[in-house]
Each structure stands twice: as structure tokens, then as C-alpha cells.
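Take a look at the structure below.
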Amino acid sequence: MLFLDDAQRLSPPLLDYLRLLWDEPGTAAALLLCGAGAERVIARAPALRSRVLTWHQVPGLDQERLAETLAMFHDVWEGADPADVGWADATVARGNFRTWAKITSHVYALTKRGRDIRVDRALIEQACARLGPYP
């Protein structure tokens, strides 16, 4: 399996090369092309598009299961108040998992500064502030 994220940034010659790899006799591989807008880029490469078996739309993180999802991603989120997590999502992350990975990294670093530091609203705000200004 070849997994390419940010496929929307692939050039037409590279997309054609991927098609050639796919068409190579004896190939037993799968291409997984991901990224916001990747479907538009692939649609402009008809030879590759005609080989797409399945299209999937992956929505942003589900607000109702966000705290649970984050706790599965990293144990630093276990026991965090879902309202505090919801604030960070509404204010900063907006359902983007890459942003949540950054916030998690900062939350983790902040919790390692002392004993028994709770992941609360103040700590989450401090972690989010490290990402730079947000509206």
C-alpha cells in the first residue's frame, strides 16, 4: 500500500507516474491518496481517475465523541472535561486532527513540568496559545 497525504499538491506528471506504477504488470499494490481537495486534482487526471475504485469523504472530528477520540489518541486526554475540549475545538482546532496533534504535543509537554498537573481549561488555553494567534 502506498499512502500519500496532501495528494492535492501532486503535479500532473507525478499523478501520471502513479498511474504507470499502478498499470505495471504484476503490481499488487493499492494507492491511498488523501488530502483536502485531492479529489479535484485526481479528477483532472482522467487516466488515474478511471482507476479509482472507491472515494471516501472523511468529515472533521465528531464533536460528541471528541474527548473520547482524543483519549484514544493520547492518554494525556483521559479525564479531561469534554467542555474544555469542546472549547479548544470550537476556538482553535475546528475538527482538524493535525491541529489536535499539535495541541496534544503542547499539553503533554506542559503536564511534564510538575507532578499531578491536571489537563483543565487553563492548561489547554496555554497549549493553544503556543500555536500562535487564533480568531
Index of the failed condition, R44 passing every other in (1) under 18 Å from the mean Cα position of the chain (by Cα); (2) under 30 Å from S11 (Cα atoms): (1)
The one condition in (1) surrounded by 12 or more Cβ atoms within 10 Å (Cβ to Cβ); (2) in contact with a strand residue (DSSP E or B) (Cβ under 7 Å, 6 or more places away or on another chain); (3) among the hydrophobic types (A, V, I, L, M, F, W, C) that W77 fails to fulfil: (2)
Residue under evaluation R19, criteria (1) farther than 27 Å from F97 by Cα; (2) open to solvent by 60 Å² or more (accessible area, probe 1.4 Å); (3) not in a loop (DSSP other than H, G, I, E, B), criterion not met: (2)
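Each row is one residue, and each column tells you yes or no for (1) within 19 Å of the chain's Cα centre (by Cα); (2) farther than 30 Å from R118 by Cα; (3) open to solvent by 90 Å² or more (accessible area, probe 1.4 Å).
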position: A7; (1), (2), (3): yes, yes, no
position: L48; (1), (2), (3): no, yes, no
position: E68; (1), (2), (3): yes, no, yes
position: D84; (1), (2), (3): no, no, no
position: G95; (1), (2), (3): yes, no, no
Residue satisfying all of: in segment 35-46; open to solvent by 40 Å² or more (accessible area, probe 1.4 Å) and either under 17 Å from D5 (Cβ atoms) or not hydrophobic (A, V, I, L, M, F, W, C) (or both); modelled with the lowest pLDDT among these: A36
Cross-chain or 6+ apart pairs with Cβ under 7 Å, segment 60-80 first and more than 20 Å from A36 (Cβ to Cβ), then outside any loop (DSSP other than H, G, I, E, B) and among the aliphatic types (A, V, I, L, M): A67/V85; L70/V85; V76/V107; W77/A67; W77/L70; W77/A71; E78/A71; A80/A67
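The values are calculated or read from the model by the stated rules, or taken from the named source; none is laboratory data. What you see is a predicted model, and the numbers here were worked out from it, not measured in a lab. For neighbour counting, all protein chains shown are included, and Cβ atoms are generated from backbone atoms with ideal geometry for every residue, glycine included. Note: areas computed on protein heavy atoms with side chains; ligands, DNA, RNA excluded. Shrake-Rupley method; radii C 1.70, N 1.55, O 1.52, S 1.80 Å.
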